[in-house]
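A.B. asks: Questions regarding the structure given below will be posed in turn.
We did not get these values from a lab; they are worked out from the coordinates using the rules stated. All figures in this text were calculated on a predicted structure; none of them were measured in a lab. Neighbour counts are summed over all protein chains in view; Cβ atoms, including those assigned to glycine, are modelled from backbone coordinates with ideal geometry.
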Amino acid sequence: MTILFIILFLLIFISSLCYFVFYVFKELKQLLLWYWIPFVPTPDYKISNLIENIELKDGQIFIDLGCWDWKILQAICENFPKAIVIWYENSWDPYKLALKRKDKYNLNYQVYKKDFFTESLENATIIYSYLLPYIMARVWKKIKNDCHKWTLFYSNYFQIPEEQIYKIIHLKNNQNIYIYKV
């Protein structure tokens, strides 16, 4: 009986350990694959300034590259209800949250659990991101390769190295949004 109890305990312990290792590895893999981009929410004042400075007509496409907290998408959906709004999210938790909030708030956006580097961005009118400086050159290269000459790229806070800025939305504390035209 004691041996059976020990075997059962070891099986439970080993299965729990395997689950823990798998979960940690999955999260670590996700973090490593998503270029070490942390969650930093966009302040509300930035969102309102962004909305005031966007020209998005019915049927035009707005793409957010990794939204995390969905506030940008909610603002775009509410202020431009006939625009096509797309969100690429490579992390599981924000993706699942996006699906729940989309239904809960009856928002009209499409969310994809995909790496935007592997997807075509060619029909975008406006692309928005709040990514880190070390990845901006790669993002810009992708946008220039995929998009039309009239596509606008809004970069929250970070400039693209050695690229000409089309327009700047000047905000307090130099927390600007930089706009680039392909």
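A.B. asks: Summing -39500 (n - 2.57) over the DSSP H runs of n ≥ 4 in the chain and dividing by its residue number, what mean residue ellipticity at 222 nm do you reach, to the nearest 500 deg cm²/dmol?
C.D. replies: Details: 5 runs with 77 residues, N = 182.
It comes out at -14000 deg cm²/dmol, rounded to the nearest 500.
A.B. asks: Cross-link list Lys104/Lys181; Lys57/Lys144; Lys104/Lys167; Lys113/Lys149; Lys104/Lys141: which exceed 31 angstrom alpha carbon to alpha carbon? Don't skip to the end; give the middle numbers.
C.D. replies: On the way: Lys104/Lys181 35 Å; Lys57/Lys144 22 Å; Lys104/Lys167 35 Å; Lys113/Lys149 27 Å; Lys104/Lys141 36 Å.
Violating the 31 Å Cα-Cα cut-off are Lys104/Lys181; Lys104/Lys167; Lys104/Lys141.
A.B. asks: I want the local charge near Ala137. Using Cβ-Cβ distances under 14 Å, sum +1 for each Lys or Arg and -1 for each Asp or Glu among the other residues.
C.D. replies: Numbers: positive: Arg138, Lys141, Lys142, Lys144; negative: Glu162, Glu163.
Taking every Cβ under 14 Å from that of Ala137, the sum is +2.
A.B. asks: Count charges around Tyr178 for me, please; just the other residues with Cβ under 10 Å from its Cβ, Lys/Arg as +1, Asp/Glu as -1. Before the final figure, lay out each step's value.
C.D. replies: Working: positive: Lys167; negative: Glu163.
Result for the local shell: 0.
A.B. asks: Rounded to whole Å and sorted largest first, what semi-axes of the equivalent ellipsoid does the C-alpha gyration tensor of the chain yield via the square root of 5 times each eigenvalue?
C.D. replies: On the way: eigenvalues 307, 68, 46 Å².
So the equivalent ellipsoid measures 39, 18, 15 Å along its semi-axes.
A.B. asks: Dipole size in debye (nearest 20) for segment 44-181 around its Cα centre, Lys and Arg Cβ +1, Asp and Glu Cβ -1?
C.D. replies: Details: 19 positive and 16 negative charges, 14 e Å.
Here the size comes out at about 60 debye.
A.B. asks: Could you work out how far the C-alpha centroid of segment 63-94 sits from that of segment 104-174, in angstrom?
C.D. replies: Between the Cα centres of segment 63-94 and segment 104-174 lies a distance of 12 Å.
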